[in-house]
Amino acid sequence: MSVRRRGAPGPEPGAGAEPVLLRGAFTAGPGPGGAACSLALTPRELQVRGPGGPDAALRLADCVGCAAAPAAAAAAAFCLVCYPFGGGRWRSPPARHRLERTFRVALAPDAEGNLRIAQTWSEKIRELAAPPVPRRDGLSYGLLPRPCRALVLLNPRSGPGLALKDFQALVQPMLAEADVAPTVFVTERPHHAHEKVRDEDLAQWDALVVMAGDGLLHEVVNGLMERRDWEAAVTKPLCILPGGSGNALAASINHYAGNERAVKRELLTNCTFILCKGLHTQMDLVSLSTASGKRLFSFLSFGWGFIADVDIASEKYRKLGNARFTVGTIQRLARLQVYHGRLSYLPADAAPGRHDPPAPVPNGHAGCLLPPAETEGPGARGEGALPEDSLLVPLHQPVPAHWTVVPEEDFVSVYAIYQSHLGSDLLMAPAARLHDGLIHLFFLKAGVTRVMLLKLFLAMEKGTHLDLDCPHLRYVPVRAFRLEPRASAGVMTVDGEALACEPVQGQIHGRLCRVVCGS
């Protein structure tokens, strides 16, 4: 909880272990006549005590902004806004709610003096409310600047069609409190966001925010990767605000932040709060190449079979929001199919062993061969050249000898995921992290019953599907994979977007872009 109350009288505010950085006597509210209160600011909280009443503590970790302003009668005031977790209704998880506290300053003999005092408090509160930047070997974290300029790419038709309304009602006020100035770009057609970020001068913004489903972020990522200055462009922090149906990356970010499961408005509030706090870090991308010569970059998942079919077939129910996937699952269960193909992968713990070095896979857009992205130093690439898929060989060649080839060729589903969540309420890969350098590969072999398949999906809500020990389900962390369907019928999906069914392979590129995160 952001507000902590102690029922019995205790020591003076700040008398605990933490040092008191500022102390003062003010009145509550912006106008004259408010109740007197004494404040003590410590590195982690603002402690408030009224005369004879219980004291409270506002956690600065829940604070998104604080501002000072002149007040009537030569006074001044400072106001802080917090979003603490409060008790959920009807046994639902705790949800963040808005809490605003204003304190009137009338200590100095003139307006300027009181404003200086209010500014001192507000500046210190903002400084302490900024999240600590973790120091971990090999990882890079940072904070968005204040003020922050954000380009918001918004699809008003995404999911149930409420993205614009939700942005104006919930997101925009929170961004204003956190000193984030949005420039809203409303997409009007497919690939509109792709073209925008590919061609725009991105120097005018500090972050790129997507208010839509995962498909629009897929456009943005691939638009950035088509720029000649892609290496600089992908250092611009990305942020996802859930406005679609599945909202898998938003649910994953919420999960990584240590929050309980959230959907709809609660998930949007949590993700907007994370944006307001401004911490960002690196995120893996997967490079996918197809037999027809396409090269795509993916941040979330690749699917073939049952899950991919549910995703695409349920598109016509998008007005239902996340419930569309429940409807689609029931429909596909009624006509369960088997898909024929060969699946190969490079296990994450595989030793390369002795083998001839693979022929490098050409970089689709750049057209030149480069050393592996993970090992080269600054300036080692030619300008505009994309990272080489150093773990892959061309699709017309057999996979290297140290790869694993699945002996069975009849599948119900193959799904490679690099984040924790398949949807806002489906925890598919609980161990996944933004920058773990892994593709979490799941494949479901033919022979699984409809009852067991339904049990797996129900268990996935809590991430316990592997505990069912289904003999047809395999999970293996990998660094690269190849899938060769025996027929071109059906669809594949990349980040929830349809892809023609053809041979495809992919490999992980560790920490290739940046994303706003909660921890």
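The values are calculated or read from the model by the stated rules, or taken from the named source; none is laboratory data. Keep in mind it's a predicted model, so treat the numbers as computed, not measured. Every residue, glycine among them, receives a Cβ derived from its backbone with ideal geometry; neighbour counts consider all protein chains shown. Just so you know, the surface numbers come from the protein's heavy atoms only, side chains and all, with ligands and any DNA or RNA stripped out. Shrake-Rupley method; radii C 1.70, N 1.55, O 1.52, S 1.80 Å.
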| request: Specify the residue that is farthest from residue 434 (Cα to Cα); the eligible residues are those in region 133-144 that are touching a Gly at 6+ places or on another chain (Cβ under 8 Å) and assigned to a loop (DSSP other than H, G, I, E, B). | output: 144
| remark: residue 34 vs (1) open to solvent by less than 30 Å² (accessible area, probe 1.4 Å); (2) assigned to a strand (DSSP E or B): all pass except (2)
| message | Taking the conditions exactly as written (open to solvent by less than 40 Å² (accessible area, probe 1.4 Å), more than 18 Å from residue 269 (Cβ to Cβ), small (Gly, Ala, Ser) and more than 24 Å from the chain's Cα centre (by Cα)), does residue 118 satisfy them or not? | response | yes
| task | Taking the options 291, 248, 257, name whichever one is in contact (Cβ under 8 Å) with a residue 60 or more places away in the chain, among the aliphatic types (A, V, I, L, M) and open to solvent by less than 10 Å² (accessible area, probe 1.4 Å). | result | 248
| request: Would you check if residue 208 is out of contact with any His (no Cβ under 6 Å at 6 or more places or on another chain) and either under 28 Å from residue 492 (Cβ atoms) or open to solvent by 50 Å² or more (accessible area, probe 1.4 Å) (or both)? | output: yes
| field | Single residue of region 41-69 satisfying the filter (closer than 15 Å to residue 102 by Cα and small (Gly, Ala, Ser)) that is farthest from the chain's Cα centre (by Cα) | value | 50
| field | Pairs with Cβ under 8 Å, 6+ apart, first in region 225-239 and over 15 Å from residue 203 (Cα atoms) and of a type in the set (Asp, Glu), second open to solvent by 10 Å² or more (accessible area, probe 1.4 Å) and in a loop (DSSP other than H, G, I, E, B) | value | 226/365
| message | Which pairs turn up if I take residues in region 383-395 that are closer than 9 Å to residue 289 by Cβ and look for partners that are assigned to a loop (DSSP other than H, G, I, E, B) with beta carbon separation below 6 Å, at least 6 apart in sequence or on another chain? | response | 395/291; 395/503
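Okay, residues lined up against (1) touching a helix residue (DSSP H, G or I) at 6+ places or on another chain (Cβ under 7 Å); (2) under 16 Å from residue 426 (Cα atoms); (3) modelled with pLDDT under 95:
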| residue | (1), (2), (3) |
| --- | --- |
| 228 | no, no, no |
| 240 | yes, no, no |
| 244 | yes, yes, yes |
| 250 | yes, yes, no |
| 256 | no, yes, no |
| request: Tell me, please, whether a residue that is touching a residue at least 40 places away in the same chain (Cβ under 8 Å), hydrophobic (A, V, I, L, M, F, W, C) and farther than 20 Å from residue 119 by Cβ can be found in region 58-76. | output: yes
| Looking only at region 309-339, which residues are without any contact (Cβ under 8 Å) to a residue 24 or more places away in the chain and open to solvent by 40 Å² or more (accessible area, probe 1.4 Å)? | 315, 316, 317, 323, 326, 327, 330, 331, 334, 335
| query | Among the numbered criteria (1) within 28 Å of the chain's Cα centre (by Cα); (2) modelled with pLDDT of 85 or more; (3) closer than 21 Å to residue 502 by Cβ; (4) surrounded by 17 or more Cβ atoms within 10 Å (Cβ to Cβ), which single criterion is violated by residue 343? | reply | (1)
| task | Answer yes or no as to whether residue 222 is of a type outside the set (Gly, Ala, Ser), open to solvent by 10 Å² or more (accessible area, probe 1.4 Å), in a helix (DSSP H, G or I) and more than 16 Å from residue 152 (Cβ to Cβ). | result | yes
| query | Which of the residues spanning region 281-297 are polar (S, T, N, Q) and more than 26 Å from residue 337 (Cα to Cα)? | reply | 281, 282, 287
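For (1) touching an Asp or Glu at 6+ places or on another chain (Cβ under 9 Å); (2) surrounded by 14 or more Cβ atoms within 10 Å (Cβ to Cβ); (3) acidic (Asp, Glu); (4) without any contact (Cβ under 8 Å) to a residue 12 or more places away in the chain, each residue gets a yes or a no:
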{"position": "437", "(1), (2), (3), (4)": "yes, yes, no, no"}
{"position": "448", "(1), (2), (3), (4)": "no, yes, no, no"}
{"position": "478", "(1), (2), (3), (4)": "no, yes, no, no"}
{"position": "497", "(1), (2), (3), (4)": "yes, yes, yes, no"}
{"position": "500", "(1), (2), (3), (4)": "no, no, no, no"}
| Residue, nearest to residue 425 (Cα to Cα), within region 461-497, restricted to residues that are modelled with pLDDT under 95 and among the aliphatic types (A, V, I, L, M) | 491
| request: Output the number of residues of region 138-160 satisfying the condition of being open to solvent by less than 30 Å² (accessible area, probe 1.4 Å) and among the small types (Gly, Ala, Ser). | output: 4
| request: Residues being on the phi < 0 side of the Ramachandran plot, surrounded by fewer than 21 Cβ atoms within 10 Å (Cβ to Cβ) and without any contact (Cβ under 8 Å) to a residue 60 or more places away in the chain: count how many of those fall in region 44-54. | output: 4
| note | The correct count of residues that are in contact (Cβ under 8 Å) with a residue 60 or more places away in the chain and either closer than 22 Å to residue 497 by Cβ or assigned to a helix (DSSP H, G or I) (or both) in region 177-205 is 1
| request: Could you grab me the full set of residues in region 233-270 that are outside any loop (DSSP other than H, G, I, E, B) and on the phi > 0 side of the Ramachandran plot? | output: 264
| Within region 419-440, can one find any residue that is modelled with pLDDT under 95, of a type in the set (A, V, I, L, M, F, W, C) and part of a loop (DSSP other than H, G, I, E, B)? | no
| query | Based on what the data block shows, is residue 358 open to solvent by 60 Å² or more (accessible area, probe 1.4 Å), at pLDDT below 85 and either of a type outside the set (Lys, Arg) or farther than 30 Å from residue 451 by Cα (or both)? | reply | no
